[in-house]
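Here is the structure we will look at, set down as structure tokens.
The values are calculated or read from the model by the stated rules, or taken from the named source; none is laboratory data. Since we're looking at a predicted model, the values are computed, not measured. As a convention, Cβ positions derive from the backbone with ideal geometry for all residues, glycine included, and neighbour counts pool all protein chains shown.
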Amino acid sequence: MRIKPLDPQLIDTARFAAKVRIGLGGCHIWTGARTPKGYGRFLVNGSHHMAHRVAYVLAGRTLGPDLVIDHLCRNTSCVNPDHLEAVTTQENTARGNAGINTRSRTHCPQGHAYTVDNTLVSCGRRHCRRCRANRRSEAARKARERYWAKRGRQAEGVTS
Ligand SMILES: [Zn+2]
Ligand SMILES: [Zn+2]
């Protein structure tokens, strides 16, 4: 796929902002025209561009012709620059060819799929909701154990 260059000077910022709605998980949902895969489309200087690429450039970041954008939130219609990560086409191809790398991109280290529902994005990083919930219940279990261990020691102290 050939990627057209994008000049930030030519982007109609107000028209772009009018097509964005804030959604769940901090996603900026594109409400304008979309491609069949769900990517937003936006007209800049008479030619169509991917809306998330426009958002990326509007955020002051530069996009070389060898860079493709990866959605950290897995939501293809999201145009939140914090949810977008630029990777080189070589890197993207390498990820696509090597099964293990692809898996690490689509699943968390524990093997949970990064679906739209299971993915939380903060500070430009992808987080797994299931792992976060597991960590929380593990922390709660340890706190309970500490509490009962303390109570146990206190009880022993009273009886002996
Ligand atoms: Zn998003
Ligand atoms: Zn996980």
So, in the stretch 117-129, of the ones that are at pLDDT 85 or above and under 19 Å from Val79 (Cβ atoms), which residue ends up surrounded by the fewest Cβ atoms within 10 Å (Cβ to Cβ)? Leu120
Any residue that is surrounded by 16 or more Cβ atoms within 10 Å (Cβ to Cβ), on the phi < 0 side of the Ramachandran plot and modelled with pLDDT of 85 or more - is there at least one of those in the stretch 86-94? yes
Filter the stretch 13-26 down to the residues that are assigned to a loop (DSSP other than H, G, I, E, B) and modelled with pLDDT of 95 or more, then identify the one that is nearest to ligand 2 (Cβ to nearest atom). Lys19
Out of the stretch 100-153, which residues are of a type in the set (S, T, N, Q) and part of a helix (DSSP H, G or I)? Asn101, Thr102, Ser104, Thr106, Asn134, Ser137
Can you pull out the residues in the stretch 49-88 that are away from ligand 1 (no atom under 16 Å from the Cβ) and either closer than 14 Å to Asp7 by Cβ or assigned to a loop (DSSP other than H, G, I, E, B) (or both)? His49, Val57, Gly60, Thr62, Leu63, Gly64, Pro65, Asp66
Using beta carbons and a limit of 6 Å, which pairs, at least six apart or on different chains, have the first residue in the stretch 1-30 and under 30 Å from Cys128 (Cα atoms) and aliphatic (A, V, I, L, M) and the second one at pLDDT 95 or above and loosely packed, with under 15 Cβ neighbours inside 10 Å? Ile29/Arg21
